[in-house]
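Heads up, the thing below is written out as structure tokens.
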């Protein structure tokens, strides 16, 4: 049996296994069978997709395999599908997207009505069933999309109503929509609050999603913010579940800095009763020290929003996220929502009377280096004496002034060496020396 699900659903090159249409139809059939067994009836589901040219065919193949109990919301954000799943009492939400990846890739994510992603038991059951499903018949192309307009309106109304006191009159915002799902939503949403919006990279053609734009490429946004003399800029990724910011001086405000701003705002308004913020092992030590200085504990998890949400629910925290800009506010939504993050940030700035450049001071970001090393096998590092000894030496040299993280990629044959410290030259040397040992022993 081949494993289909990674840490963020199924992802790969569109047209190739497991995202060839035959396999997608089998995945749809397996999904329907697993959910029907759980519910004792055929499941009702809603699907949505980002702007990739492969999206409609993959969505159609999934519906074909799953049967006729689904509806489509068309092009919509990932958090939009998650919200609609609950709002309209669907049994599951299906997102056809590869998030921040280039247009050649695509993926399938499945959400439960709670907003949580599919549990590992269900993922395993679907993988088992895919191996057993017979060859799919002719694909159905007539997906029920009769409520598309209603679905998109309901989602935008939900976001607007969640911040009903916000008034952005006189605020100029540059929104980089990554030529993705946010293109038809973000400009309209910000204008509902009377903001002046300059939208860039908001003309998707199926192939330009994330191409030199969006949350992975902030240079154009930085230039636009300065040129437009905007209060801030926000960049989304292809499915708009994350957001990164640029302040009025053209400086990048990443997910760590966003967590710092939101944590302070929540604490001041009594919204951080737990005294905790959840982030991942990749979160910069600078954020941890800054939060500690104001009496907030940073709780770390494995990389992935799925693990962040699990820990948020376990420890009762009100705020979590990743450096990438994937922020979760579980009392509002259990899914990262870039547009919601932007509105919450704007609300905090407005209520505190701050500019974005002022709000993210207080976090001193330590230099960080990440080295990826191709490996032939993923042996535990502590079982390879040379690697274990070198890693121990690196940690000794870093002492209390730095941090090392050594892990394997969950989706590729790569070892990842991440080191933080005050001296960039020193951590570069330490990271590369450890990478060289891993390359020699496992490469």
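What to note about this one:
- Residue 375 falls short on exactly one of the conditions (1) more than 18 Å from residue 300 (Cβ to Cβ); (2) surrounded by 15 or more Cβ atoms within 10 Å (Cβ to Cβ); (3) free of Cβ contacts under 8 Å to residues at least 40 places away in the same chain, and that condition is (3).
- Meets criteria (farther than 15 Å from residue 327 by Cβ and modelled with pLDDT of 95 or more) for residue 255: no
- The set of residues in the range 93-108 that are surrounded by fewer than 24 Cβ atoms within 10 Å (Cβ to Cβ) and either assigned by TED's automatic domain parsing to the domain that holds residue 211 or touching a helix residue (DSSP H, G or I) at 6+ places or on another chain (Cβ under 8 Å) (or both) contains only 100.
- All conditions but one from (1) free of Cβ contacts under 8 Å to residues at least 60 places away in the same chain; (2) outside any helix (DSSP H, G or I) apply to residue 224; the one that does not is (2).
- One residue from 244, 262, 226 being under 19 Å from residue 352 (Cα atoms) and assigned by TED's automatic domain parsing to the domain that holds residue 352: 262
- Of the helices (runs of 4 or more DSSP H) contained entirely in the range 46-145, those carrying at least 1 residues that are touching a strand residue (DSSP E or B) at 6+ places or on another chain (Cβ under 7 Å) and touching a residue at least 40 places away in the same chain (Cβ under 8 Å) fall at 55-66, 78-87.
- Here 420, 354, 358 are screened, and the one residue that is assigned to a strand (DSSP E or B) and closer than 23 Å to residue 264 by Cβ is 420.
The values are calculated or read from the model by the stated rules, or taken from the named source; none is laboratory data. Nothing here was measured: the structure is a model prediction, and the numbers come from that model. Virtual Cβ from ideal backbone geometry, glycine too; neighbours counted across all protein chains shown.
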